[in-house]
Amino acid sequence: MAFLLGKQSDGRSNSDIYAMSRQALERLPLPWEEVTALDIGAGAGLFTRYLSRRCRKVYALDSSLPRACEENTAICTTDLNERWPLEEACVDIAVAIEVIEHLENPRHFFREARRVLKDGGYLWLTTPNNLSLFSRLLFLFKGQHRAFQDFSYPAHITPVLQTDLRRIAKENDLMLLGFRYSNADALPLLHTRVRIGGALFSANFGALFRKQ
């Protein structure tokens, strides 16, 4: 059996991440009934189906087939670490929910996202928040980011900080529009949910970009 670096077996994210993503997208000034969207790393297809109900057409891009999709969804199987099988400037919005931490090269991800986005198009991504209070404490005592410990390997392989996203966006002429937070976390060891929210008490965050 081949060693699958970065492979996510379940292909699902938690409800807080999906809620954060829906709220971020619903604020965008887009004529959704005319939009062509791209779900990068579609996984089980949960967010793909959400997009398909709002958009004219959706591309679902992943290394394996989504388990279900709507009629207006085109499925594209590929290794996201390679060139994506899409034409240039073909989508109005690209979404990558909990994907970039599974990839070998986040800069390749951004280059491909920019390539397939139309001018003025949006990119939304989410990833683990390595600057949360609990992640900072774990790194202090254990030397590992919270979502990148040994038991998360080989699924989570590339921790990304907000500083990294600012730099990579600038390199690719993408405008960073802002960050959002999942506003939910869990106490280490106790696994008790906390909803203080904000940058310090969110297990995940999202970033929104626009192609200039």
Matching residues in the range 55-65 - criterion: being touching a helix residue (DSSP H, G or I) at 6+ places or on another chain (Cβ under 8 Å), buried (at least 16 other Cβ atoms within 10 Å of the Cβ) and assigned to a loop (DSSP other than H, G, I, E, B): Cys55
Checking the condition more than 30 Å from Leu189 (Cβ to Cβ) and either in contact (Cβ under 8 Å) with a residue 12 or more places away in the chain or surrounded by fewer than 17 Cβ atoms within 10 Å (Cβ to Cβ) (or both), which residue from Leu117, Leu131 passes? Leu117
Taking the stated definitions as given, is Leu140 buried (at least 18 other Cβ atoms within 10 Å of the Cβ) and more than 19 Å from Tyr18 (Cα to Cα)? no
Only one of these is small (Gly, Ala, Ser), farther than 21 Å from Leu187 by Cα, at pLDDT 95 or above and buried (at least 20 other Cβ atoms within 10 Å of the Cβ): Ala96, Ala147. Name it. Ala96
For Asp164, the lone unmet condition from (1) touching a Pro at 6+ places or on another chain (Cβ under 8 Å); (2) open to solvent by less than 20 Å² (accessible area, probe 1.4 Å) is (2)
Residues Leu177, Leu187: which one is within 17 Å of the chain's Cα centre (by Cα) and in contact (Cβ under 8 Å) with a residue 24 or more places away in the chain? Leu177
Mind listing just one residue for me: the one in the range 20-39 that is open to solvent by less than 30 Å² (accessible area, probe 1.4 Å) and closer than 17 Å to Phe205 by Cα and, of those, nearest to the chain's Cα centre (by Cα)? Ser21
When restricted to Ala113, Ala37, Ala96, the only residue assigned to a helix (DSSP H, G or I) and among the aliphatic types (A, V, I, L, M) is Ala113
Run Glu101 past the list (1) acidic (Asp, Glu); (2) open to solvent by 20 Å² or more (accessible area, probe 1.4 Å); (3) within 29 Å of Lys170 (Cβ to Cβ) and report the number of the one that doesn't hold. (2)
Scope the range 1-42; condition modelled with pLDDT under 95 and of a type in the set (Phe, Trp, Tyr); matching residues: Phe3
Mind checking which residues of the range 191-207 are surrounded by fewer than 20 Cβ atoms within 10 Å (Cβ to Cβ), in a strand (DSSP E or B) and of a type in the set (A, V, I, L, M)? Val194
State which residue pairs qualify: first residue farther than 18 Å from Leu86 by Cβ and inside the range 41-58, second residue assigned to a loop (DSSP other than H, G, I, E, B) and aromatic (Phe, Trp, Tyr) in any location, beta carbons under 6 Å apart, and separation of 6 or more residues or different chains. none
Ser52 is checked against (1) assigned to a helix (DSSP H, G or I); (2) within 17 Å of the chain's Cα centre (by Cα); (3) not β-branched (Val, Ile, Thr) and fails just one. What number does that condition carry? (2)
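The values are calculated or read from the model by the stated rules, or taken from the named source; none is laboratory data. Computed from a prediction, not measured in an experiment: that's the story for all the values here. So basically every Cβ, Gly included, is an ideal-geometry build from the backbone, and we count neighbours across all protein chains shown. Remember, those area values only see protein heavy atoms, side chains included, never the ligands or the DNA or RNA. Shrake-Rupley method; radii C 1.70, N 1.55, O 1.52, S 1.80 Å.
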